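Working notes for the structure below.
The values are calculated or read from the model by the stated rules, or taken from the named source; none is laboratory data. From a predicted model like this one, the values you see are computed outputs, not experimental measurements. Methodologically, a virtual Cβ is constructed for each residue, glycine included, from the backbone with ideal geometry; neighbour enumeration extends over all protein chains shown.
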Amino acid sequence: MAANILLVEDEPAIQELIAVNLEHAGHHVIRARDAEGALGIVRNALPDLLLIDWMLPGMSGVSLARQLRQEERTREIPIILLTARSAEADKVAGLEAGADDYVTKPFSPKELLARIKAVLRRRAPQMTDDPIEVNGLRLDPATRRVYGNSRPLELGPTEFRLLHFLMTHPERVHSRTQLLDQVWGDHVFVEERTVDVHIRRLRKALEPSAHDRLVETVRGSGYRLTASPV
């Protein structure tokens, strides 16, 4: 699945090479040349993943990663550091700063794409095209189809994204605010009651196969998808 990737790299030639390969693989790339520019972009809208060069003018990539991890809004964004530093101590420093992975230059485009896919699968599974199944409910992101006990179900685009997020984070309770950020985007300003409306529509769409019971309301907290409904 295409991801919105923020690439923070100050070398124009390297930035262009990486961006072209990412875009060729279907990703949308937003570019920044320094930490200040990256923070400005992140304040406007959260990307799905950040690729950050270690050696940036001004604030270093490691310091940028550390700052992003310290702020609640950006704490969960997947981060990959790009660097020519290959010493074990440097790798440890990058990971301790909050990076999810560490890619040493020079690297091949195929390696970088594989690392991105692995990090997204681990940290943001809703961004992958991997089919997922929970208790007979199957969702295929690549074909945008949902099946309940092998029976095709009709979902609207928002309900599809909502179900995908819930299925890739089973048993976890998500507040309305969290669902708005993850499904609609944190830069979209809509009322929290919008989530309730789409949860009702989602349950209605899942009724033909009785999978609506998997979507639970947790009083005072939000919603979760469970494989073992009470």
- If you go through region 153-160 one residue at a time, do you hit one that is polar (S, T, N, Q) and over 15 Å from residue 222 (Cα atoms)? yes
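Conditions tested, residue by residue: (1) within 25 Å of residue 77 (Cβ to Cβ); (2) at pLDDT 95 or above.
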residue	(1), (2)
174	yes, no
182	yes, no
195	yes, no
213	no, yes
221	yes, no
226	no, no
229	no, no
- Query: Of the residues that sit in region 143-189 and are among the β-branched types (Val, Ile, Thr) and either within 15 Å of residue 133 (Cβ to Cβ) or out of contact with any helix residue (DSSP H, G or I) (no Cβ under 6 Å at 6 or more places or on another chain) (or both), which one is surrounded by the most Cβ atoms within 10 Å (Cβ to Cβ)?
  - Reply: 146
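Which residue, of 123, 176, is not assigned by TED's automatic domain parsing to the domain that holds residue 220 and not acidic (Asp, Glu)? Working first, answer last.
Values: 176 fails: not assigned by TED's automatic domain parsing to the domain that holds residue 220.
Going through 123, 176 in turn, the sole match is 123.
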- Task: Considering (1) of a type outside the set (A, V, I, L, M); (2) on the phi < 0 side of the Ramachandran plot; (3) exposed (fewer than 15 other Cβ atoms within 10 Å of the Cβ), say which one residue 100 fails and leave the rest.
- Result: (3)
- Run down 75, 69, 85 and say which single residue is touching a Phe, Trp or Tyr at 6+ places or on another chain (Cβ under 9 Å) and in the same structural domain as residue 20 (by TED's automatic domain parsing). 85
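Matching residues to (1) modelled with pLDDT of 95 or more; (2) surrounded by 19 or more Cβ atoms within 10 Å (Cβ to Cβ); (3) touching a Gly at 6+ places or on another chain (Cβ under 6 Å):
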{"residue": "3", "(1), (2), (3)": "no, yes, no"}
{"residue": "9", "(1), (2), (3)": "yes, yes, no"}
{"residue": "36", "(1), (2), (3)": "yes, no, no"}
{"residue": "39", "(1), (2), (3)": "yes, no, no"}
{"residue": "42", "(1), (2), (3)": "no, yes, no"}
- Output yes when any residue across region 18-34 is in contact with an Asp or Glu (Cβ under 7 Å, 6 or more places away or on another chain) and within 16 Å of residue 102 (Cα to Cα), and no when none is. yes
- Among the residues of region 108-117, write down those that are loosely packed, with under 15 Cβ neighbours inside 10 Å and of a type outside the set (Ser, Thr, Tyr). 109, 110, 111, 114
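In the set 64, 82, which member is modelled with pLDDT under 95 and surrounded by 19 or more Cβ atoms within 10 Å (Cβ to Cβ)? Steps first, please.
Numbers: 64 fails: modelled with pLDDT under 95.
After ruling out the rest, the residue left standing is 82.
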